1. Please report how far the C-alpha centroid of the range 144-195 lies from that of the range 25-54, rounded to the nearest whole angstrom.
2. Using unit Cβ charges (K, R positive; D, E negative) and no other charged atoms, how large, in debye to the nearest 20, is the dipole of the chain about its Cα centre?
3. How many lysine pairs are close in the chain, with Cα atoms under 24 Å apart and the two 8 or more places apart or on different chains?
4. Calculate the spin-label point distance for T64 paired with E83, positioning each point 7 Å from the Cα along the beta-carbon direction, and give it in nanometres.
5. Short version: what are the Cα gyration tensor semi-axes of the chain, square root of 5 times each eigenvalue, largest first, in whole Å?
6. Please identify which residues in the range 139-161 have an amide N closer than 14 Å to a label point set 7 Å out from the Cα of E175, following the Cα→Cβ vector.
7. For the chain, the longest stretch holding no GluC sites (Glu not before Pro) located in a DSSP loop with at most 10 other Cβ atoms within 10 Å is which?
8. For the residue pair E56 and E226, what label-to-label distance in nm results when each label sits 7 Å from Cα along the Cα-to-beta-carbon direction?
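The values are calculated or read from the model by the stated rules, or taken from the named source; none is laboratory data. No experiment lies behind these values; they were computed from the predicted model shown. Using ideal geometry, Cβ is built from the backbone for each residue, glycine included, and neighbour counts are taken over all protein chains shown. For accessibility, only protein heavy atoms count, side chains too; no ligands or nucleic acids. Shrake-Rupley method; radii C 1.70, N 1.55, O 1.52, S 1.80 Å.
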Amino acid sequence: MAVDPLIELRDVNKHFGELHVLQDINLTVGRGEVVVVIGPSGSGKSTLCRAINRLETIESGRITIDGRPLPEEGKGLAQLRAEVGMVFQSFNLFAHKTVLENVSLAQLKVRKRRRDESDRRSRELLERVGLSAHADKYPAQLSGGQQQRVAIARALAMDPKALLFDEPTSALDPEMINEVLEVMQQLARDGMTMVVVTHEMGFARSAANRVVFMADGRIVEDRTPEDFFTSPSSDRAKDFLSKILKH
Ligand SMILES: Nc1ncnc2c1ncn2[C@@H]1O[C@H](COP(=O)(O)OP(=O)(O)OP(=O)(O)O)[C@@H](O)[C@H]1O
Ligand SMILES: [Mg+2]
């Protein structure tokens, strides 16, 4: 595949004290690609995502988005966080703001859109995630799956170049997982560039262009889902798959 790189990590290293949490990480995510990151707890998946968004600094190596190094601070950083949206396990919605206000807020503050323009865009996005009827409710009045879809709409409202998801469904009751995965599937089909940390292997199989398997701060495998699931080459991945596929 001819890759038009959007996110690139070159020889990235980071420690937390003694712990070498990211070890010589090299990863390229092409425009429109969906990369699923899996691996045991503590392997560095969240740290990797957070580093791409500069929620964590790195000690050596290089991270570029669309050919540009990550900004250090200030305005550039706010711009980066808008361009590379992040969706977390906990939805982090403002409890005292309505769904519509939650989706419009950063459009007003960061994108400097007018209120009517922001609200129009928010309503379009709420429609896209199946929540048109809930625009005037407060987060506490929604289910977890609905709140997570609001968080996705909020990230989309920045017109991001890429979206990072860190276990977006792992705090949800089973019956709500699919409604969130379906929204993500649709984004993938629409060509959104996505890095997704998840244990949802069905999603990895059906939506990912590549699966990246991490263990102990390293990328151990980086292959197509087909290759990864049918013939993992490392013992670490074989062991991991045998454990999770039993559940
Ligand atoms: N701010 C921090 N300070 C110190 N250690 C940290 C910090 N954040 C993470 N770690 C450690 O770094 C390692 C990697 O953490 P990370 O959260 O990236 O793992 P993960 O692969 O996302 O795990 P999980 O599947 O449990 O979410 C872990 O051992 C964790 O305890
Ligand atoms: Mg994590």
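1. 16 Å
2. I would put it at about 720 debye.
3. For the chain, qualifying lysine pairs total 15.
4. Here the modelled spin labels are 1.2 nm apart.
5. Values for the chain, descending: 30, 22, 16 Å.
6. 143-146
7. 74-247
8. Label at E56, label at E226, 3.3 nm between them.
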